[in-house]
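A short worksheet on the structure shown next.
The values are calculated or read from the model by the stated rules, or taken from the named source; none is laboratory data. Every value quoted in this text rests on a predicted model; they were computed, and no experiment measured them. Cβ: placed from backbone, ideal geometry, glycine included. Neighbour counts: every protein chain shown. Each accessible area value is taken on the protein alone, full model and side chains, heavy atoms only, with ligands, DNA and RNA left out. Shrake-Rupley method; radii C 1.70, N 1.55, O 1.52, S 1.80 Å.
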Amino acid sequence: MASSSTSEHGKSDSTGEIVIGAVDIGGTKIAVGMVDDSGKVLSRLESPTDAPGGYANALARMIDMLRRTSQDAGVEISGIGIGSTGVVYPGTGAFGDVDLLPGWQGNNPVQDLTCEFKVPVALENDADASALGEAGWGAGKLKSRLIYVTVGTGIGGGIILDGQLYRGADMAHPEISHHVIDPSGPDCSCGYQGCWESLATGTAMAAWFNANVAGDRRSTENLSAAQICQLAKRGENLAMRAVEREAYYLGLGLANLINLFVPDVIVLGGSVMKSAALFLDGIRKVIRQGCRFVPYEKTELALALLGEDANLIGAARVWHHRFRREVGRPS
């Protein structure tokens, strides 16, 4: 049996390999896995979040899944990285007021898992975790200025500048989805009208299509963004207009990000981007129109590479970013 050694930043086996226990906490499920030094997921398990069941119950399941995935992979846990939905406080390791996790505010998984496993633990918002994953092991590898944008039922994102995760005051996660695109647009949960999230999500695209098609079809069933994209691929006129509108609003938001940050790359992920080929030409057209005072052509638009394991890989990268600082290098 191989002997193990301990460094100041966590445990490693005799080969020096670091294996991170990754925890992805979402509103509907908690995923846990072991991720090696190259970003490969060695083992994984999932459990319903059951947020109303309480934090203590969820913590017990996280601990159990960490132990089981460690055993399944035949590895020792070197450290633990957590990516969580909603407001979190990376500095203290505590949950903020998270709508999807009622009653969890103030609980501290970093302290609890550190106590249980005796390894370093780090926590970030899940969008920041995904940004770190794509920067470290995905489409933004070795890029020092990166913005990650995920487009699905909502819009999320994370910003990396000069190889470091950008945070605001009090280490706050920037809400890139809530900059206003059209002040006369739809109401948004944040309190404004016409936020990027209210206009450019898959949900917004479906709402526009279903509202405009209501009197023009036999079926009363509302279609999803994925179904609308399939219709657009077949040349259905209203679906193609919905795609054009979606590309326009996505392009406006991305153009704003380019004007503000001029990143090396914007990495696009999320369910809507599974049909990226429908949108990219329209997005690029809007960017060309609105970014002429910055070298927008130097900003690459890339599709996320980490696939279905992106959240777990991102959670593992949270640990590397906190304790190893190997996100990117200046270019």
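Assorted remarks:
Residue-by-condition table, conditions (1) modelled with pLDDT of 95 or more; (2) under 16 Å from Ile266 (Cα atoms):
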| site | (1), (2) |
| --- | --- |
| Gln289 | yes, no |
| Val294 | yes, yes |
| Glu300 | yes, yes |
| Ala315 | yes, no |
| His321 | no, no |
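- Top-ranked residue of the stretch 101-126 - restricted to ones that are assigned to a helix (DSSP H, G or I) and not hydrophobic (A, V, I, L, M, F, W, C), ranked as most open to solvent (accessible area, probe 1.4 Å): Gln111
- Of all residues in the stretch 199-215, none satisfies the criterion of being open to solvent by 20 Å² or more (accessible area, probe 1.4 Å) and in contact with a strand residue (DSSP E or B) (Cβ under 8 Å, 6 or more places away or on another chain).
- For the stretch 64-72, the count of residues that are under 21 Å from the mean Cα position of the chain (by Cα) and either at pLDDT 95 or above or not polar (S, T, N, Q) (or both) is zero.
- Flag for Ser47 being modelled with pLDDT under 95 and touching a strand residue (DSSP E or B) at 6+ places or on another chain (Cβ under 7 Å): no
- Residue satisfying condition, being at positive phi and either of a type in the set (A, V, I, L, M) or touching a helix residue (DSSP H, G or I) at 6+ places or on another chain (Cβ under 9 Å) (or both), within set Val294, Val262, Val286, Val318: Val262
- Sub-8 Å Cβ pairs linking a first residue in the stretch 133-159 that is closer than 9 Å to Val265 by Cβ and β-branched (Val, Ile, Thr) to a second residue that is part of a loop (DSSP other than H, G, I, E, B) and at pLDDT 95 or above, at least 6 apart or interchain, are Ile147/Pro263, ordered by first then second residue.
- Among the conditions (1) buried (at least 16 other Cβ atoms within 10 Å of the Cβ); (2) farther than 21 Å from Ala304 by Cβ, the only one that Gln289 does not satisfy is (1).
- Check on Val75, under 24 Å from Gly158 (Cβ atoms) and either open to solvent by 10 Å² or more (accessible area, probe 1.4 Å) or among the aromatic types (Phe, Trp, Tyr) (or both): no
- Filtering the stretch 220-232 to residues that are open to solvent by 50 Å² or more (accessible area, probe 1.4 Å), under 20 Å from Ala200 (Cβ atoms) and not small (Gly, Ala, Ser) leaves Asn222, Gln227, Gln230.
- Single match in Ala172, Ala129 (criterion: under 18 Å from the mean Cα position of the chain (by Cα), surrounded by fewer than 16 Cβ atoms within 10 Å (Cβ to Cβ) and of a type in the set (A, V, I, L, M, F, W, C)): Ala172
- All told, Asp99 meets the bar of being modelled with pLDDT under 95 and closer than 23 Å to Pro48 by Cβ.
- Of the residues making up the stretch 156-169, those that are open to solvent by 10 Å² or more (accessible area, probe 1.4 Å) and within 14 Å of the chain's Cα centre (by Cα) are Gly156, Leu165.
- Residues of the stretch 233-250 satisfying the condition of being charged (D, E, K, R) and open to solvent by less than 40 Å² (accessible area, probe 1.4 Å): Glu246
- Checking each residue in the stretch 49-85 for being free of Cβ contacts under 8 Å to residues at least 40 places away in the same chain and part of a loop (DSSP other than H, G, I, E, B) picks out Asp50, Gly74.
- Val151 meets each of the listed conditions (1) closer than 30 Å to Arg67 by Cβ; (2) aliphatic (A, V, I, L, M); (3) in contact with a Ser or Thr (Cβ under 7 Å, 6 or more places away or on another chain); (4) open to solvent by less than 20 Å² (accessible area, probe 1.4 Å) apart from (1).
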